[in-house]
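Structure record follows, encoded as structure tokens.
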Amino acid sequence: MPPTGYKVAFPMLSGDGSRTGFRGVSLGGRIVYGALDDARCGYGRRHGSPARGCDCGFYCLHSASEAQELTCATDCRDAVILQVSVLGAYTRYERGIRYARQRVRNVRVGPCRCGHPAQAFVRTETGLPGWRSLRGTCAACAAGLRLFPLTEFARLAGDWVNVTTDAPVRPADRRDEVLPQLAAEAALIQARLDQFQERLAELNWPPAPEEK
Ligand SMILES: [Zn+2]
Ligand SMILES: [Zn+2]
């Protein structure tokens, strides 16, 4: 079993909306990586990563709660917590691991800025060339904004990727859009049915049972 670790990252959506990825914090802040990817040198040096004499490479912590603490920092409040499998060469330290290749298994989206559990992503004002940052939001705070479903994020990331929130993610993020629509349709059908029954009553239908 490859080692498991936890880290924080910013969820990203490609400009054309066809790919999702993650932007690192600190040294990895200029690089967007996929859910299965190799580390690249954060300084742009031409060597495999990690390398001797350079501090680049993927990093993760052993504990989810330590990663969670990092999201308290103001500039990391929109970051998500990744659970990753460490692949390839790695060095184990007291608090974490530095390594060459990783597979993101779970993306945990923290609460909306209002404190309610996130229900979807929205695009933020920040990004990198070709990539836009996303952040978790509840439906109420995102009223009028274009939502990017959490399940869609997971689907584009890779079929092994799970997205979770502090509240369980509902099977369909579209429920919020679909429910009012269904309710409206049901009301319409009910109204037609009432009309229909009224008409039948006018025509004395159903007939009273015949007397023998
Ligand atoms: Zn390097
Ligand atoms: Zn909110």
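Can you pull out every residue in the stretch 87-113 that is assigned to a strand (DSSP E or B), over 19 Å from Phe153 (Cβ atoms) and more than 16 Å from ligand 1 (Cβ to nearest atom)?
Within the stretch 87-113, Leu87, Arg92, Gly96, Ile97 meet the criteria.
Kindly list, by first and then second residue, each pair from a residue in the stretch 37-50 that is free of Cβ contacts under 8 Å to residues at least 24 places away in the same chain to a residue that is among the β-branched types (Val, Ile, Thr) and more than 9 Å from ligand 1 (Cβ to nearest atom), limited to pairs with Cβ atoms under 8 Å and residues at least 6 apart or on different chains.
That search, which allows pairs on different chains as well, returns Arg40/Ile31; Gly42/Ile31.
May I ask you to verify whether Thr137 is of a type in the set (Ser, Thr, Tyr), modelled with pLDDT under 95, closer than 15 Å to Phe10 by Cα and away from ligand 1 (no atom under 16 Å from the Cβ)?
Against the criterion (of a type in the set (Ser, Thr, Tyr), modelled with pLDDT under 95, closer than 15 Å to Phe10 by Cα and away from ligand 1 (no atom under 16 Å from the Cβ)), Thr137 does not qualify.
Given the structure, is Ala73 over 18 Å from the mean Cα position of the chain (by Cα) and either over 24 Å from Gly42 (Cβ atoms) or open to solvent by 30 Å² or more (accessible area, probe 1.4 Å) (or both)? Show your work before the answer.
Working: over 18 Å from the mean Cα position of the chain (by Cα): yes; either over 24 Å from Gly42 (Cβ atoms) or open to solvent by 30 Å² or more (accessible area, probe 1.4 Å) (or both): yes.
Yes; evaluated as a whole, the condition is true for this residue.
Criterion first (in contact with a Cys (Cβ under 8 Å, 6 or more places away or on another chain), closer than 24 Å to Arg123 by Cα and either within 16 Å of ligand 1 (Cβ to nearest atom) or in contact (Cβ under 8 Å) with a residue 60 or more places away in the chain (or both)) does Leu13 satisfy it?
Values: in contact with a Cys (Cβ under 8 Å, 6 or more places away or on another chain): no; closer than 24 Å to Arg123 by Cα: yes; either within 16 Å of ligand 1 (Cβ to nearest atom) or in contact (Cβ under 8 Å) with a residue 60 or more places away in the chain (or both): yes.
No: the conditions fail for Leu13.
Within the stretch 114-167, how many residues turn out to be of a type outside the set (D, E, K, R) and either out of contact with any strand residue (DSSP E or B) (no Cβ under 9 Å at 6 or more places or on another chain) or assigned to a loop (DSSP other than H, G, I, E, B) (or both)? Outline the logic, then answer.
First, the residues of the stretch 114-167 that are of a type outside the set (D, E, K, R): 114-122, 124, 126-131, 133-134, 136-145, 147-151, 153-154, 156-158, 160-165, 167.
Retained after the next criterion (residues that are either out of contact with any strand residue (DSSP E or B) (no Cβ under 9 Å at 6 or more places or on another chain) or assigned to a loop (DSSP other than H, G, I, E, B) (or both)): 114-119, 129-130, 138-145, 149, 158, 160-161, 167.
Result for the stretch 114-167: 21.
Do you know which residues across the stretch 96-135 are within 13 Å of ligand 2 (Cβ to nearest atom) and under 30 Å from Asp55 (Cβ atoms)?
Val109, Gly110, Arg135
Determine if the stretch 52-59 includes at least one residue that is within 16 Å of ligand 1 (Cβ to nearest atom), open to solvent by 70 Å² or more (accessible area, probe 1.4 Å), closer than 21 Å to Ala154 by Cα and out of contact with any Pro (no Cβ under 6 Å at 6 or more places or on another chain).
No, the stretch 52-59 has no match at all.
Restricting the first residue to the stretch 89-116 and requiring it to be aromatic (Phe, Trp, Tyr), which pairs with a second residue that is outside any strand (DSSP E or B) and within 16 Å of ligand 1 (Cβ to nearest atom) meet a Cβ separation below 8 Å and a spacing of at least six or different chains?
Cβ pairs passing all conditions: Tyr99/Ala39; Tyr99/Pro50; Tyr99/Gly57.
The values are calculated or read from the model by the stated rules, or taken from the named source; none is laboratory data. Bear in mind that the values here come from a model prediction, so they are computed numbers and not experimental data. Counting neighbours? That spans all protein chains shown, and the Cβs are built from the backbone with ideal geometry, glycine included. What goes into the accessible areas is simple: the full protein's heavy atoms, side chains included, and nothing from ligands, DNA or RNA. Shrake-Rupley method; radii C 1.70, N 1.55, O 1.52, S 1.80 Å.
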